[in-house]
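Please read the structure below before turning to the comments.
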Amino acid sequence: MLKKLDILILRSFIGPFIVTFFITLFVLVMQFFWLYMDELIGKGLGVWMIIQLLFYMSTTMVPLALPLGILLASIMTFGNMGENFELVAIKSAGISLLRFMRPLLLFIILIGGLAFLFNNNVIPYANLKALSLLYDLRNSKPTFNIRAGQFNKDIDGYFIRVGEKDEDGKTIRNIMIYDHVNTTGNENLVLAKEGQMIPTDDKHYLIFRLKDGWRYQEKTSYSGNTPSYQQYRMHFRKWDKVFDLSAFRINRTNENLFKDAYQMMSVVQLTKRIDSFRRYEKKLSQNLGTYISVNITMLANDSIVKDLFTKVSSAKTARTYEKTFLDIVPDSLRSGVIQNTANNVRSCKGIIDISANDRHIHHENYLQFNVEWHRKFTLSFACVLLFLIGAPLGAIIRKGGIGMPLVIAVLFFVVFHITSITGEKLAKTDTVPTWLGMWMSTGMLLPMAFVLIQQARNDSQIFTKEWYIRVASKLQRYSEKNHLNEK
């Protein structure tokens, strides 16, 4: 009996889980495209490039889609069973809710373990591919597009204007080309009545095959300090102007440049980097004293100054002097002592500022790597936590389908996501310890999960409409009773 129920609950959960997971993943990927749409439109992306970007970005969205899919599927599964009175029948047979949840809990724990492996091994590789590809796409130029009646300056060094452009997209008329490649002004001009735009097969070059036009060129020469200007004009019946379109190609950056980022590392790699940051901070504080001690010196090898320094340093600290150290220094050495001291103080200040700035940068990197290290584990625990919230919620709501479960799931996930982002920002700014910031959301929602489980075991009706109607009726009767007593 129990084995059949275990199979029943697993089958009831897996279907909604797969559907909700892929729907959530699709929504998150579309949100990404809406975010970067302005930067990607007009870049001439090929089908294969779009497929790669979609695949890698959808992979990086799994840590967000997986917990939400589990939460929504668990609410839908237990809500359907509650709506069809299957939970009532199971409890009537003497099977507790916790026993009924056990196979799903074990399944979710298995998913959490697989999520950790995925987050530790696959996500760094997907981040490397996705972020490097996105970087290249965002920094590439838009595709070359000439519009009639407008100057185009997409090609470096050229201003091109086409008066008319036929429907075939190739034939152009009234062409004007300003060539600024080797000049500083409008010294080279090409005019043509008509022509054609012919791209090469490899799309690396664009040929303007111009007909019936003129080339104008101005040259400036100097005779002493007196400039002389010469203008050349040449008529052509047919002339090919070749434009290099290599700048419009998407050039892939070496991925090794991105490998040192914390998003591209596993737990082992992050642990090594965190340890190196800790050792560096200790070494920096130890070396600071050594760097400063070089500048804390007196004037070199002067016997009078050495004797004075020995007397002052060997005297008891409680003793008072009528004169300062500079008053004791002879007049011939005083300016040198002051200058040397000022230089040493400036050097010490510069060393301290550089060390402080270096430590600040390394400490920020240390916090980012430490946050990423904790993130590898929070995803797995979030899967289990949101199931412990969703399952009793579905048993309490007793509504299946997409309506009420979707609203409740989104509300809980928004709370979880906001608290996660808040804790992460607090950890990155070193406001709270890293472990506290990264586990803050799970720590806040875990007691709520136990409360909901207890309410579901007691058949609580806090999410049913009838419960609120009864509470409102009781409050109304109570207020009417108090009103009559006052009279």
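Values quoted throughout were computed directly from the atomic coordinates according to the rules given, and no laboratory measurement underlies them. Just so it is clear, the model here is predicted, and its values are computed rather than measured. With ideal geometry, Cβ positions are generated from the backbone for all residues, glycine too; neighbour counts draw on all protein chains shown.
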Förster radius 41 Å - calculated FRET efficiency between Asp154 and Gln263 (Cβ-Cβ, nearest 0.05): 0.80
Estimated FRET transfer efficiency when R0 is 45 angstrom, pair Lys211-Ile18 (beta carbons, to 0.05): 0.15
Karplus 3J(HN,Hα) series, Hz, for the range 209-216 with 6.51 cos²θ - 1.76 cosθ + 1.60 (x for Gly, Pro): 8, 8, 10, 6, x, 10, 10, 10
Hz values of 3J(HN,Hα) by residue in the range 148-155 - Karplus curve (6.51, -1.76, 1.60), Gly and Pro given as x: 5, x, 10, 6, 10, 10, 5, 7
Calculated from backbone phi, Karplus (6.51, -1.76, 1.60) coupling profile of the range 102-118 in Hz, x at Gly/Pro: 4, x, 5, 5, 5, 5, 5, 4, 4, 4, x, x, 5, 5, 5, 4, 5
Contour excess over end-to-end distance, with Cα ends at Gln231 and Phe26 and 0.36 nm allotted per residue: 67.6 nm
Label-reachable residues, the range 195-216, where backbone N falls under 13 Å from a point 7 Å from Thr171's Cα toward its Cβ: 195-197
Alpha carbon Rg of the range 361-416, scaled by the compact-globule rule 2.2 N^0.38 Å: 1.63
Residues Asp136, Asp201 arranged by fewest to most Cβ contacts within 10 Å: Asp201, Asp136
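Going by how many other beta carbons lie within 10 Å of each one, how would you line up Lys4, Lys165, fewest first?
Result, fewest neighbours first: Lys4, Lys165.
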Cβ crowding within 10 Å averaged over residues, with 378-386, 348-356, 52-60 ranked highest first: 378-386, 52-60, 348-356
Modelled label reach - Phe85, point 7 Å along Cα→Cβ, the range 441-460 residues with backbone N closer than 19 Å: 459-460
Square roots of five times the Cα gyration tensor eigenvalues for the range 65-171, Å: 61, 22, 8
Per-pair calculated FRET efficiency, R0 = 25 Å: Thr422 and Arg278 via Cβ, rounded to 0.05: 0.45
Sequence of Ile172, Ile198, Ile75 once ranked by neighbouring C-beta atoms within 10 Å, starting from the fewest: Ile198, Ile172, Ile75
Potential lengthening between Val407 and Val181 on full extension [0.36 nm per residue; Cα-Cα distance subtracted]: 75.3 nm
